[in-house]
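Working notes for the structure below.
The values are calculated or read from the model by the stated rules, or taken from the named source; none is laboratory data. Everything numeric in this text was worked out from a predicted model, so none of it was measured. All Cβ positions, glycine included, derive from the backbone under ideal geometry; neighbour counts span all protein chains shown. Heavy atoms of the whole protein, side chains included, go into the accessibility calculation; ligands, DNA and RNA do not. Shrake-Rupley method; radii C 1.70, N 1.55, O 1.52, S 1.80 Å.
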Amino acid sequence: LLLLLLLLLECGASAAVLVHSGAFAHRVAKLDGRCNNDTCDDGARSQRFYRHWIARESSWLGQTALKTVKAECPHYPDIPRPHGTRERSPIFFGSLDWHSAVHSHWTLLRLSRRFPNEMFVDEVGDLFGTRFTAVYVELEKSMFLMNSTFELPYGIVWFLKLQAELSLTAQSAQSGSIAHSQMAKHLATFRPLEDLLASRLEEYINGLTSDTLKTNGQHDNAAFALLMILDYTRVIRNRQSLHRLAIDAVERLIVRRIPLGCEIEREPQLHDFLSPCLAAAAAASHVLNPASFSKHLTRLFPTLRHPMCTRRRVECLRGTSRDWLRSLKFDPQAADFAHTVGLSLSRAWFLHRISHALPIFDSRRAVLQTFELREAKRGLSIVANATMMQDYMISHYVPTFATILTTGGQ
């Protein structure tokens with residue numbers, strides 16, 4: 001009787017495990033976007049939406065970025081730019097400013113890697129071959145030697161992002177192919193400038209304290225800089241000193257910050273194109289495991305959790321105020337309209353990273369993904385609008401934010 005009882009218990013446990021495993025696999029498949037029915041959650045829907053959107057708009061984005069980097073800055077005579085001549089900045093002279101020129105080159109490279117058959121790809125290769133030379137890199141480097149704070153940190157982290165993309169493109173190209181040799185050559189050509197700017201970021205991080213930490217939503221936001229640095233060091237593995245400094249800064253200034261709560265309801269401030277609270281959460285997701293990040297998010301956003309979120313998405317939104325992430329007002333006549341469009345896209349990018357860093361069954365994933373899809377659709381609708389994109393203040397930088405969101409920014 002005892003043996004029979006044990007056998008029955010074991011069979012029942014095995015059956016329970018099989019049922020649970022099947023449910024788990026179904027949930028994982030849904031979250032990964034592998035379902036084809038209406039039961040998919042917003043995470044799966046957003047992935048399908050991004051794939052379809054970027055496949056449709058990649059040519060338009062590439063042509064816009066090409067046009068941007070070819071036009072010499074400044075475009076407005078009353079806005080002085082320290083790099084406003086081709087002689088001083090022979091590589092990144094295009095666009096409105098140096099950092100926009102850099103991330104426009106990143107956009108071209110990312111789109112070329114993801115969509116190698118687009119018509120603009122050959123032109124991008126020719127452009128890079130002409131511009132990415134050792135002589136020109138030395139001239140770019142000289143600007144930083146003359147000014148120790150030039151483009152610190154925003155433009156510098158975008159340059160490192162460009163280097164990481166060159167490395168990824170070289171890795172994805174067939175060994176021995178022309179594309180592989182070209183990317184490897186470009187990486188080596190930029191190495192002197194990369195070494196200088198990596199060391200400058202180390203100095204920047206060493207100087208960060210709770211008093212000097214910039215928490216606005218603009219170019220000097222430290223959380224965004226740390227997030228981008230960690231993206232870079234995950235690809236470029238020989239920057240361990242910079243990697244350790246960035247991790248320590250995130251843990252010291254964001255994860256263990258007291259008081260921790262972030263008043264996201266007060267965002268955005270005028271001219272923000274980044275969300276300080278979401279940038280901080282996204283940076284923390286880089287250094288914490290899913291269980292620890294879940295606890296951190298509870299302390300960071302205490303009003304976000306709602307126990308009914310595991311049931312239906314509408315109940316998630318009832319439990320979390322729709323004003324938790326204030327809906328943005330898109331007014332084309334407003335002075336900060338261009339930054340508002342960028343903010344909508346960067347919000348979606350941060351939310352995507354935050355939700356996917358949580359444990360698979362964390363109830364807040366559904367809430368975050370709902371907000372992500374709302375922000376993404378609103379921002380991308382402007383990017384796909386040819387009339388809106390005639391506004392240079394939008395077209396010189398928003399294609400980058402659309403690309404990093406829809407192609408996977410890490």
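Of note:
- Here is the figure for segment 338-372: residues that are open to solvent by less than 20 Å² (accessible area, probe 1.4 Å) and within 30 Å of SER59 (Cβ to Cβ) total 18.
- If the condition is being modelled with pLDDT under 95, open to solvent by less than 30 Å² (accessible area, probe 1.4 Å) and under 21 Å from LEU96 (Cα atoms), then segment 145-175 contributes only PHE150.
- Test: residue in segment 277-290 that is modelled with pLDDT under 95 and surrounded by fewer than 19 Cβ atoms within 10 Å (Cβ to Cβ): no
- The lone exception for GLU375 - which of (1) out of contact with any Asp or Glu (no Cβ under 6 Å at 6 or more places or on another chain); (2) outside any loop (DSSP other than H, G, I, E, B); (3) under 15 Å from TYR50 (Cβ atoms); (4) open to solvent by 10 Å² or more (accessible area, probe 1.4 Å) it fails: (4)
- The set of residues from segment 51-61 being farther than 27 Å from HIS356 by Cβ and either open to solvent by 50 Å² or more (accessible area, probe 1.4 Å) or within 20 Å of the chain's Cα centre (by Cα) (or both) comprises just one member, TRP60.
- Annotation note: of ARG34, ARG27, ARG48, ARG110, the sole residue that is surrounded by fewer than 17 Cβ atoms within 10 Å (Cβ to Cβ) and at pLDDT 55 or above is ARG48.
- Complete set of residues in segment 323-356 that are part of a loop (DSSP other than H, G, I, E, B), within 17 Å of ARG266 (Cβ to Cβ) and either modelled with pLDDT of 90 or more or not polar (S, T, N, Q) (or both): LEU325, ARG326, LEU328, LYS329, ASP336
- Test: residue in segment 135-142 that is of a type in the set (Val, Ile, Thr), open to solvent by less than 10 Å² (accessible area, probe 1.4 Å), touching a Leu at 6+ places or on another chain (Cβ under 9 Å) and without any contact (Cβ under 8 Å) to a residue 60 or more places away in the chain: yes
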